[in-house]
Amino acid sequence: MKRYIFFSFFLFHFSCFISRVAAQVGAPYIHDPSTIAECDGKYYTYGTGGGGLISEDGWSWHSGAERPGGGAAPDVLKIGDRYLFIYGATGGGLGGGHNGRILTMWNRSLDPKSPDFAFTTAVEVASSDGMEDCDAIDPCLLLDPTTGRLWTTYGTYFGAIRLIELDPKTGLRVAGNVEQDVAIDCEASDLIYRDGWYYLLGTHGTCCDGVNSTYNIVVGRSRKVTGPYLDNVGRDMLQGGGRMVINAGDRVCGPGHFGRTIIDDGVEVMSCHFEADFDRSGRSVLGIRPLLWRDGWPEAGERFKGGDFEIESMRRGYSLELAVDFVRIQQERERFWDMDMTKPLTSIPDQQLNDVIATWPQGEISVRCSDYMMRPHQHWTITPVPEAGGYLGGPYFKITITGTERALAATDKLELTAVPTFTGAPEQLWRIEQLTDGYFRLLPKAIPGRDGINTRYVLYSAADSTPTLVEWDFSTDNAKWRLRKY
């Protein structure tokens, strides 16, 4: 759990909160979500109080995930062919004290309907007696990809964040392991590893106060898993340091309980809960945002909502456009060496859609890339189509020429075309994901003549002026695009 705003009736309201979470179907209501896990094509996350959420596609979430033990702030990690769960029992001020226990258990499946769904007996790996300078709650899991060693951190504002080592084969604490303090002034910690650095993420601020919760997520990093974890100005997290990863905005506040999910090479998202969603009665909800990496530091990207854009290839900086004749803008020209400086200045209007649309073909139109000239055939409106489903972190979108229903679509030859009218066909729906470097990749939901949902073929600049569809490769700018407001 987290740092609490206490009221005499807190426990009553806490139990009501959990029951309301369990009762919500088709809504992402959760508190203290675990890192998102995948099992047999579905996504799962688990929260305080038992249970959690399931999603078929990563976009639409509903209740139904199960775990025993209740308690608070679980985490889950797949190790081999099993899932290791870790969670806190009591602690965090629940019941008025800080005497807590950290427990682990295993399961071979996350699907409650699977014949392999059976939790092992929970075992204790850490505890706090309520008097020491630590609170055994809010654990996380990191399997070090460089050593194969398994680590967990836990703790709240009541003392320090502590690090211990577990056995990745049993989930038990390594014999003789001594806990180590690694941070203060935060809770709901998480450990991740990337490019030679260990990152310790902690949640700072106050929680459980709805729209007045000040939660935010901060980070420090170290070359060793045992620390010291320093922030971007060299301040140790044991001294209260931490660089901001995400805070309030976009009508949600109180982000806490970081989780990282790697979707593909160069495509990552972070999960959390927001203490309050201003558009959902101030309820605590699951949040998923693009995870960016700036100069070796993680930070949350913005939720992509669509809008009017120039779609610009990173290969050359050329703009995606309809392959139509270029229509010149009329202008009274002056020779630059013989300008009449006494003449008043005038504003030249932008070219309008109605000025040129009659010159375009009526049927399908090919798509190309060329110099951006602020012309209507280069302006695209990207609109969410939530009824078409989605992916981890976003809905599918339609991409149309601004002011029209002429839609970008994939063809069975892995090429692109602009069809006269958007029909909602899967080849006209687009998955748009922000990359770790801040640029975007665009994938059609489906490719005609190919079974299933497309997760590999992306919009690609095969040459300066030739867009096509090619398998994803993060290492090349051919596959990356900038979406620029015009």
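Coordinate-derived values only; no laboratory data. These numbers come from a predicted model, not from an experiment. Glycine gets a Cβ as well: all are built from the backbone with ideal geometry, and neighbour counts include every protein chain shown.
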_Overall Cα dimensions of the chain, principal axis frame, Å, largest first_ = 84, 59, 46
_Net charge over other residues, Cβ less than 11 angstrom from the Cβ of G394 (K, R count +1; D, E count -1)_ = +2
*Which residues' amide hydrogens lie under 5 Å from the amide hydrogen of G301, considering only partners 5 or more residues apart or on another chain, with H built in the peptide plane?*
L291, L292
*Round to the nearest 0.05 the FRET efficiency obtained for D279 and Y486 when R0 = 25 Å and r is the Cβ-Cβ distance.*
0.35
*Give the whole-number value, in cubic angstrom per residue, of the convex hull volume spanned by the C-alpha atoms of region 247-314.*
118
_DSSP loop GluC sites (Glu not before Pro) with at most 15 other Cβ within 10 Å: longest gap in the chain_ = 133-301
*Run the quick spin-label model on M339 and A425: label points 7 Å from Cα toward the beta carbon, then report their separation in nm to one decimal.*
5.1
*asked:* Could you list H377, H204 so that the one with the fewest beta carbons within 10 Å of its beta carbon is first and the one with the most is last?
replied: H204, H377
_For a quick check: with amide H placed at 1.01 Å from N, whose amide H comes under 5 Å from W61's, ignoring anything fewer than 5 positions away on the same chain?_
none
*asked:* Positive end of the dipole of region 316-474, charges at C-beta (+1 Lys, Arg; -1 Asp, Glu), about the Cα centre: which of L442, A323, T400 has its Cα farthest in that direction?
replied: L442
*Using +1 at the Cβ of each Lys and Arg and -1 at the Cβ of each Asp and Glu in region 10-300, identify which of A188, G227, A72 lies farthest towards the dipole's positive end.*
A72
*Exposure proxy order (Cβ contacts within 10 Å, fewest to most) of W293, W59*: W293, W59
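I'd like the trypsin sites (Lys or Arg not before Pro) in region 157-223 restricted to DSSP loop residues with at most 15 other Cβ atoms within 10 Å, sorted by number.
In loop regions of region 157-223 (DSSP not H, G, I, E or B), the sparsely surrounded trypsin sites (Lys or Arg not before Pro) are K169, R223.
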*Extension gain, D181 back to T455 (0.36 nm per residue minus Cα-Cα distance, nm)*: 94.4 nm
*Using modelled backbone amide H atoms (1.01 Å from N, in-plane), which distant-in-sequence or interchain residues come within less than 5 Å of A446's amide H?*
E427, L429, N454
*Quick one: what are the phi-derived ³J(HN,Hα) couplings along region 247-263, Karplus 6.51/-1.76/1.60 with θ = phi - 60°, whole Hz, x for glycine and proline?*
9, 5, x, 6, 6, 9, 9, x, x, x, 6, 5, x, 10, 10, 8, 7
*asked:* Taking R0 as 41 Å, what FRET efficiency do you get between N212 and E387 from their Cβ-Cβ distance, rounded to the nearest 0.05?
replied: 0.75
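What does the extension gain come out to for R235 and S109, with contour length at 0.36 nm per residue minus their alpha carbon separation? The partial results should precede the final answer.
Values: separation 126, 0.36 × 126 = 45.36 nm, distance 4.15 nm.
Taking R235 through S109 to full extension adds about 41.2 nm, to one decimal.
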*asked:* Nothing charged except the Cβ atoms of Lys and Arg (+1) and of Asp and Glu (-1): what's the magnitude of the dipole of the chain about its Cα centre? Round to the nearest 20 debye.
replied: 160
*Which length gain, in nm to one decimal place, applies between Q352 and K78 when the Cα-Cα distance is subtracted from 0.36 nm times their residue separation?*
93.2 nm
*Karplus 3J(HN,Hα) series, Hz, for region 275-288 with 6.51 cos²θ - 1.76 cosθ + 1.60 (x for Gly, Pro)*: 4, 8, 9, 5, 9, 10, 6, x, 6, 7, 10, 5, x, 10
*Using the Karplus curve 6.51 cos²θ - 1.76 cosθ + 1.60 with θ = phi - 60°, work out ³J(HN,Hα) for each residue of region 35-45 in order, rounded to whole Hz, and write x for Gly and Pro.*
4, 5, 10, 10, 8, 6, x, 10, 10, 9, 8
*For region 279-311, which trypsin sites (Lys or Arg not before Pro) are in a loop by DSSP, counting at most 13 other Cβ atoms within 10 Å?*
K305
*For region 138-265, the Rg and Dmax computed from alpha carbons only, in angstrom*: 14.7, 47
*Order of W430, W61 under a 10 Å beta carbon neighbour criterion, fewest first*: W430, W61
*Starting from the Cα of D264, step 7 Å toward the Cβ, then list every residue of region 54-70 with an amide N under 19 Å from that point.*
57-60
*May I have the count of lysine pairs in region 10-300 with C-alpha atoms under 22 Å apart, counting pairs 8 or more residues apart or located on different chains?*
4
*Using only Cα atoms, tell me the angle between helix 10-23 and the longest principal axis of the chain; keep it within 0 to 90° and round to the nearest 10.*
50
